[in-house]
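The values are calculated or read from the model by the stated rules, or taken from the named source; none is laboratory data. Because the structure is predicted, anything quoted here is derived from the model rather than measured. Cβ coordinates were reconstructed from backbone atoms using ideal geometry, including for glycine residues, and neighbour counts include every protein chain displayed. The protein model used for the area step is the full one, side chains on, heavy atoms only, and it has no ligands, DNA or RNA in it. Shrake-Rupley method; radii C 1.70, N 1.55, O 1.52, S 1.80 Å.
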Amino acid sequence: MSGPLRVAVIIGSTRPGRLGPAVAGWFADQAGPREDVVIDLIDLADAEAPIGPRLASADAFVVVTPEYNHSFPAPLKQVIDAFSVEWQAKPAAFVCYGGISGGLRAVEQLRQVFAELHVVTIRDTVSVHGVWSHVGPDGRLIDDAARAGAAQAMLNRLIWWARALRTARQTTPYAA
Ligand SMILES: Cc1cc2nc3c(=O)[nH]c(=O)nc-3n(C[C@H](O)[C@H](O)[C@H](O)COP(=O)(O)O)c2cc1C
């Protein structure tokens, strides 16, 4: 199969009043105009959403994660652990946010977890520190040229891996 890569963007936080949808919405807006990707926005707070088939049909993942107590949210771990082959031999990139660390400690822990699931994690990240000060009165993330550039750079890396691994999975079934 060729054509655009299917990228599942996962909103990793579920608490009432969360900023996850603002961050994920901004990222989806960055990816939207690209012709090489099709975005599927998965909200873990939406209990009705059938997550498994959407992960299975994805060629790549973008995990949008905050930092909670130097790690990532429990609902995100729950969904990671609930699936296995759906993740395998695919790349994952991270958009992270939080207080002073910008969520980067959560990402480092996610890299360890995803390695166990045969996921290739992308070096480049998009990090938003002091996330509260980046949200406008309309509840959306305020545009920022440097952050937009980082998103495109990360997507370029993710797409390289997604294309390479899609071809590889088609050529040689991945045996764990
Ligand atoms: C339980 C909890 C723990 C947090 N721990 C950290 C932390 O360790 N480091 C940090 O930089 N920010 C921390 N924060 C700030 C969050 O990253 C920030 O509030 C972010 O908006 C949370 O994501 P959410 O709004 O999507 O739930 C914490 C927030 C919560 C609610």
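Which percent, to the nearest 5, of DSSP beta bridges fully inside the chain are antiparallel? Please list the in-between numbers first.
Details: 2 of 28 bridges.
Roughly 5 percent of the beta bridges in the chain run antiparallel, per DSSP.
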Item to check | Relative contact order %, the range 6-59, counting alpha carbon pairs below 8 Å whose residues are six or more apart | outcome: 51 percent
Checklist outcome for this item: Residue by residue through the range 25-34, the couplings from Karplus 6.51 cos²θ - 1.76 cosθ + 1.60 with θ = phi - 60°, in Hz, x for Gly and Pro, are x, 4, 5, 4, 5, 5, 7, x, x, 6
Checklist entry - Which whole-angstrom value gives the distance between the alpha carbon centres of the range 1-18 and the range 95-138? => result 14 Å
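Mind ranking K90, K77 by accessible surface for me, highest first, 1.4 Å probe?
On the way: K90 10, K77 75 Å².
If we order K90, K77 from most to least accessible, we get K77, K90.
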Checklist entry - Using 7 Å Cα-to-Cβ label points, what is the Y174/R15 separation (nm, one decimal)? => result 3.2 nm
Item to check | the chain pair-distance distribution - Cα-Cα, 5 Å bins, rounded % | outcome: 1, 9, 18, 24, 21, 15, 8, 3, 1, 0
Checklist entry - In percent, what relative contact order does the chain have, based on Cα pairs under 8 Å that are 6 or more apart in sequence? => result 24 percent
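At a 1.4 Å probe radius, carbon and sulfur cover how many percent of the accessible area of the range 1-131?
On the way: 2990 of 5550 Å².
Carbon and sulfur together cover 54 percent of it.
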Next on the checklist: Using a probe radius of 1.4 Å on heavy atoms only, what accessible surface per residue do you get for the range 1-95? Whole Å² is fine.
Outcome noted: 41 Å²
Item to check | Relative counts (whole %) of C-alpha pair distances in the range 1-69, using bins that are 10 Å wide | outcome: 20, 50, 26, 4, 0
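Could you sort S101, S127 by accessible area so the largest value comes first, with the probe set to 1.4 Å? Don't skip to the answer; put the middle values down first.
Details: S101 25, S127 45 Å².
Descending order: S127, S101.
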